[in-house]
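Worksheet: one structure, shown below.
Readers should treat all values here as calculations from the given coordinates under stated rules, not as data from a laboratory. All figures in this text were calculated on a predicted structure; none of them were measured in a lab. When we count neighbours, we look across all protein chains shown, and the Cβ atoms used for this are built from the backbone with ideal geometry, even at glycine.
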Amino acid sequence: MLLVPMSGCVLDAQACADFDRALRAALSQRLPAVQFIERAQLQSALQMRGLLAIDSYYPDALQAAAGDAGADLFLTEDLVWESAFYELHVTLSDPLSGKALAKYAIVLKDGTRGPAGQPLLLKDWETGAAFILWNGDKHSAPLFKLPQCDVCPEPPVPVQSLGKHLHGKIGFLATIDERGMPGDIVLIKSLNPALDLQALRVVRDWIFKPALGIDGMPFAARTRIDINYDLN
């Protein structure tokens, strides 16, 4: 089993750590044969797929890496601010299908102060690319601007994919640098090999408006890019 704290746990790391410790102890007592996959194994699995350490905050990337790390089950822990208190959201999933097997929400009434609304930048330790954690209501405090597509033509459909009635989404993770150029692009959701490859070729040449900080300066941000196909 792989236990993973998600980005919201940064808001109250102690709460997630306490839950993680208690859960491990309870599972070990009830299921003596349970084996836990350590964080280093997850990082190795992410690296094998060309993903960044910070990409574990993205569910699709985590699903792929959890299977590669040898997990039969993975459980995520995330904190969400609900106006007056935190809720600890726990999801148990199957790494092969990505299907959620169980979900729980636990109200934390420990007097912890709520978020001030200012987003946080969680940076990848190796590349410096930032994951934006919205701390509170992002609509009332839009202090950061996310990367936005500027010149992003749709990929052409390969001849070999015509007539296959393909429908769905291709997903990538990419770092949009300070100039608005995409890099470190990794496929995290496949639709069809030929379509995946064509989409990757086009996305590499897309031009974005970069993310902007509260000082108005651009910064490198990790972002998800989705391309929808409907060949029906």
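Applying a DSSP loop filter and a limit of 15 other Cβ atoms within 10 Å to the GluC sites (Glu not before Pro) in the stretch 38-101 leaves GLU38, GLU82.
Taking a temperature of 37 °C and a viscosity of 0.692 mPa s, what whole-number D in µm²/s does Stokes-Einstein yield for the chain with Rh from Kirkwood over alpha carbon pairs?
Details: Rh = 19.4 Å.
It comes out at roughly 169 µm²/s.
Here the label points at ASP230 and ALA53, each 7 Å from Cα along the C-beta direction, are separated by 4.2 nm in the simple model. Looking at the chain as a GNM with Cα springs under 10 Å, which of LEU96, LEU173, LEU52 has the largest mean-square fluctuation? Comparing LEU96, LEU173, LEU52 in a Gaussian network model of the chain, the most mobile one is LEU96. Assuming a ≥ b ≥ c are the square roots of the Cα gyration tensor eigenvalues, decide whether the stretch 120-230 counts as rounded (a/c under 1.5), prolate (otherwise, with a/b larger than b/c) or oblate. Prolate is the answer for the stretch 120-230, as a/c is 1.5 or above and a/b outweighs b/c. Once the chain from ILE214 to ALA105 is taken as fully extended at 0.36 nm per residue, the excess over their C-alpha distance is 36.0 nm. Report, in whole Å, the centroid distance computed from the Cα atoms of the stretch 19-93 and the stretch 209-232. The two parts, judged by their Cα centres, are 25 Å apart.
Between GLY171, GLY67, GLY216, the GNM of the chain built on Cα springs shorter than 10 angstrom shows GLY216 fluctuating the most.
A Gaussian network model of the chain, with springs between Cα atoms under 10 Å, assigns the largest mean-square fluctuation among ALA105, ALA220, ALA45 to ALA105.
Could you give the length gained on full extension between MET181 and VAL157, defined as 0.36 nm per residue of separation minus the Cα-Cα distance, in nm?
On the way: separation 24, 0.36 × 24 = 8.64 nm, distance 2.34 nm.
Net length gain for the segment: 6.3 nm.
Relative contact order for the chain: 17 percent, from Cα pairs under 8 Å spaced at least 6 residues apart, divided by residue count.
Within the set of other residues whose C-beta is less than 10 Å from the C-beta of VAL186, count the net charge using Lys and Arg as +1 and Asp and Glu as -1.
On the way: positive: ARG49; negative: ASP55, ASP184.
In short, -1.
Computed extension length for ALA22-ILE207: 61.9 nm, one decimal, from 0.36 nm per residue of separation with the Cα-Cα distance subtracted. The label-point distance for VAL10 and ALA194, in a model that sets each label 7 Å from Cα toward Cβ, rounds to 4.2 nm. Here's the picture: charge each Lys and Arg Cβ at +1 and each Asp and Glu Cβ at -1 in the chain, and of LEU197, PHE74, GLY213 the one pushed furthest to the positive end of that dipole is LEU197.
Give me the net charge for the shell around GLN41: Cβ to Cβ below 14 angstrom, other residues only, Lys and Arg +1, Asp and Glu -1.
Numbers: positive: ARG39, ARG49; negative: GLU38, ASP68, ASP72.
Within the 14 Å Cβ shell, the charges total -1.
Which links in LYS99/LYS189; LYS103/LYS123; LYS123/LYS209; LYS99/LYS169 stretch past 24 Å when you go from one Cα to the other? Working shown, then result.
Values: LYS99/LYS189 14 Å; LYS103/LYS123 28 Å; LYS123/LYS209 19 Å; LYS99/LYS169 17 Å.
Beyond 24 Å: LYS103/LYS123.
Near SER97: Cβ cut-off under 14 Å, other residues only, Lys/Arg at +1 and Asp/Glu at -1. The net charge is -1. For the stretch 1-109, the set of trypsin sites (Lys or Arg not before Pro) satisfying both a DSSP loop assignment and a count of at most 11 other C-beta atoms within 10 Å is given as LYS99, LYS109.
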